[in-house]
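Novice: My questions all concern the structure below.
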């Protein structure tokens, strides 16, 4: 079963459906505590993450968590919109943005996913280089909970926008366009690199968007969350005091610039000697 892509996808889908009900159960169970709703969502998010992490242990594959990044935000924000009864134009534009992004990114995961025996090279690297107890600590806190927490911070502007129930304005539309543009950038970049790998495996991709930036797909991911933040600012009652909620988009920016990109480029430099010349002549993003 683990070697079949279709069966593996079915298993992961069932895990994620179950994780939704785990998170929802935690949310409803804590509602009577009069805890702020953002804390309720955070604990629900953590509970769902732990459920997915547990199945990663069962299958000895950290990549069970991989689609969580793109699946959780659209679902959580949509559920919140339904709970609040929010049907404002700003909320509708936000949901369009996160669903377009989420479907696109999840589709890319599905395209690259082989089966439950295949684990992302970064996770395998940690697994091979660390003692089991150290690796499991990295697995839980660094590879599962940390991304969940970072994305949750980036979602806070979305939660707040929905709670406001405000109507959209021109700045909201600009934020939507940033988000859609970001998802489109990722779509084009991923299509180009997948095609290049099929035709010239082992070579440095330096065509299309990749000719003008070393990580156009990461640029799209970063700007997506700045777009969500912009949409929130467009309807915030006191924008000058709400700039603090840009911390989530900033954390995602730092995550890619300080962790994801150095890891990826270190691997490229080890495996492809010509990458050094490509790196010298091509900027990180644009």
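The values are calculated or read from the model by the stated rules, or taken from the named source; none is laboratory data. Here the structure is a predicted model, which means the values were calculated and not measured. So basically every Cβ, Gly included, is an ideal-geometry build from the backbone, and we count neighbours across all protein chains shown.
Novice: Starting from residues that are in a helix (DSSP H, G or I) and without any contact (Cβ under 8 Å) to a residue 12 or more places away in the chain, keep the ones in the range 29-49 and report whichever is surrounded by the fewest Cβ atoms within 10 Å (Cβ to Cβ).
Specialist: Only one residue fits best here, namely 32.
Novice: Scan the range 117-140 and tell me whether some residue there is under 13 Å from the mean Cα position of the chain (by Cα), modelled with pLDDT of 95 or more and closer than 30 Å to residue 38 by Cβ.
Specialist: Checked against the condition, which is being under 13 Å from the mean Cα position of the chain (by Cα), modelled with pLDDT of 95 or more and closer than 30 Å to residue 38 by Cβ, the range 117-140 yields no hits at all.
Novice: Would you pick out the residues in the range 104-116 that are surrounded by fewer than 14 Cβ atoms within 10 Å (Cβ to Cβ) and either touching a strand residue (DSSP E or B) at 6+ places or on another chain (Cβ under 7 Å) or assigned to a helix (DSSP H, G or I) (or both)? Spell out how you get there, then give the answer.
Specialist: So the first thing to find is which residues in the range 104-116 are surrounded by fewer than 14 Cβ atoms within 10 Å (Cβ to Cβ), and the list is 107, 110-112, 114.
107, 110, 111, 112, listed by residue number.
Novice: For the range 197-213, give me each residue that is part of a helix (DSSP H, G or I), more than 20 Å from residue 266 (Cα to Cα) and at pLDDT 90 or above.
Specialist: If the condition is that a residue be part of a helix (DSSP H, G or I), more than 20 Å from residue 266 (Cα to Cα) and at pLDDT 90 or above, then 208, 209 are the ones that fit.
Novice: Are any residues in the range 117-144 part of a loop (DSSP other than H, G, I, E, B) and in contact (Cβ under 8 Å) with a residue 40 or more places away in the chain, and if so, which ones? Spell out the reasoning first.
Specialist: In the first step, residues of the range 117-144 are kept if they are part of a loop (DSSP other than H, G, I, E, B); the result is 117-120, 130-131.
Matches in the range 117-144: 117, 118, 119, 120.
Novice: Given the structure, is residue 283 part of a loop (DSSP other than H, G, I, E, B) and either over 30 Å from residue 86 (Cβ atoms) or touching a strand residue (DSSP E or B) at 6+ places or on another chain (Cβ under 6 Å) (or both)?
Specialist: So residue 283 passes the test.
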